[in-house]
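Quick notes on the structure that follows.
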Amino acid sequence: MTQAPIPDAQAIHDAEARIRPYLSETPLLRVPDLDAVMGAPLHLKLETLQRTGSFKARGALNWVLTAEPKELRRGLVTVSAGNHALALAWAAAKREVPVTVVMPEGSSPLKVRGTEALGATVIVQGTIQEAVSHCHRLRDESGLTLVHPYNDPRVMAGQGTVGLELLRQCPDMKRVLCPIGGGGLISGLGLALKAARPEIELIGVEPAGAPTMRHAWDCQDAAAALDQVDTWAASLAPAVVGENTYAASRQVVNDILTVSEASIRQATRYLLSCGHLMVEPGAAVGLAALIEHRLPSVAGDTVLVLTGANLDLEQVERCLDD
């Protein structure tokens, strides 16, 4: 299957039609108690309620549903800190395809157990860089097909369906704050948003301990990798982004902010306590940027994309005890 390196608006619309029989639109919510704490109205896009607990189900399912038989013949392999692992295991089951997932040491036990429960084989291997290397060895030695967690146009198109939903749900939005890990979500939804409303301000947010896309931007090099990552927001901690997500982000993202671990914890705590929402740390970085007063006020609606809810109970306790 020949793919353009960056999906266009039509590819994202096609992805929405393809995945809609299996995945419902997620809510856009206002939480008055959280608005009161923040002193401003916020719209929360609850990808936390998506199948497998994160937006990742969209891209994984779009990939699987568009895969050719030869791509599926020997099975699939991927590397993931957890959310893409869960999503691909769930999606691949739709076509009864075996999946092997390599996860770095320290990955969430909840995500490891959940991925195995969905039928995937999980291998826990070293640092994220070592996990990536092992994944590539499995691909080469066993003839498995790699499903990249973010740097794939079919995955990006699937994630872009979040943007199509936002255009329908919040016609007055002026600003969207979106977490960045490898960049698949912000690239996809940004391509969808900017094709229809180029004036929307799209801000990416990363942990200061894993500023992967910001680093690539500053180096003007998609291959610029971080020597190490160190953040509680493990879902946002790849060492390197991809050529496709880098190129797309330069087209559609207005700015990238980094936020502290303390602010991520506070934001997660606010969402748990004031918002009554189960949200993992990586999903809370947009709110962390507002807590740090990193952005001027905007006339119009602000949307925070809450990307995932796969939070271990131990993490909840750690957050609430701080």
Only one residue in 111, 94 is at pLDDT below 95 and touching a strand residue (DSSP E or B) at 6+ places or on another chain (Cβ under 9 Å), so which one is that? 111
Among residues of the stretch 249-272 being over 19 Å from residue 190 (Cβ atoms) and basic (Lys, Arg), the residue farthest from the chain's Cα centre (by Cα) is 269
With (1) within 19 Å of the chain's Cα centre (by Cα); (2) polar (S, T, N, Q); (3) surrounded by fewer than 24 Cβ atoms within 10 Å (Cβ to Cβ) as the list, and residue 187 as the residue in question, which single condition is left unmet? (3)
Working only within the stretch 14-52, note down all residues that are farther than 16 Å from residue 166 by Cα and β-branched (Val, Ile, Thr). 19, 31, 37, 52
Test of understanding: among 18, 51, 30, which residue is without any contact (Cβ under 8 Å) to a residue 60 or more places away in the chain and out of contact with any helix residue (DSSP H, G or I) (no Cβ under 6 Å at 6 or more places or on another chain)? 30
Among the helices (runs of 4 or more DSSP H) contained in the stretch 1-75, which hold 2 or more residues that are within 30 Å of residue 290 (Cβ to Cβ)? 9-19, 32-38, 56-66
Consider only pairs whose beta carbons are under 9 Å apart and that are at least six residues apart or on different chains; among these, list those whose first residue lies in the stretch 191-217 and is more than 19 Å from residue 247 (Cβ to Cβ) and whose second residue is of a type in the set (Lys, Arg). 199/174; 200/174; 200/175; 200/194; 201/174; 201/175; 205/294
With the requirement that a residue be touching a residue at least 40 places away in the same chain (Cβ under 8 Å), part of a helix (DSSP H, G or I) and not small (Gly, Ala, Ser), what does the stretch 88-117 give you? 88, 109, 110, 111
Need the failing condition index for residue 1 against (1) in the same structural domain as residue 118 (by TED's automatic domain parsing); (2) modelled with pLDDT under 95; (3) over 30 Å from residue 266 (Cβ atoms), just the number. (1)
What's the total number of residues in the stretch 118-175 that are among the hydroxyl-bearing types (Ser, Thr, Tyr), without any contact (Cβ under 8 Å) to a residue 24 or more places away in the chain and assigned to a helix (DSSP H, G or I)? 1
I'd like to verify a number: residues in the stretch 190-226 that are closer than 22 Å to residue 281 by Cβ and among the charged types (D, E, K, R), how many? 2
I'd like to know if the stretch 79-89 contains one or more residues that are more than 17 Å from the chain's Cα centre (by Cα), buried (at least 24 other Cβ atoms within 10 Å of the Cβ) and either among the charged types (D, E, K, R) or within 28 Å of residue 141 (Cβ to Cβ) (or both). no
Could you tell me whether any residue of the stretch 70-78 is over 15 Å from residue 308 (Cβ atoms), modelled with pLDDT under 95, outside the structural domain of residue 233 (by TED's automatic domain parsing) and buried (at least 21 other Cβ atoms within 10 Å of the Cβ)? no
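The values are calculated or read from the model by the stated rules, or taken from the named source; none is laboratory data. Every value quoted in this text rests on a predicted model; they were computed, and no experiment measured them. Backbone-built Cβ (ideal geometry, glycine too); neighbour counts: all protein chains shown.
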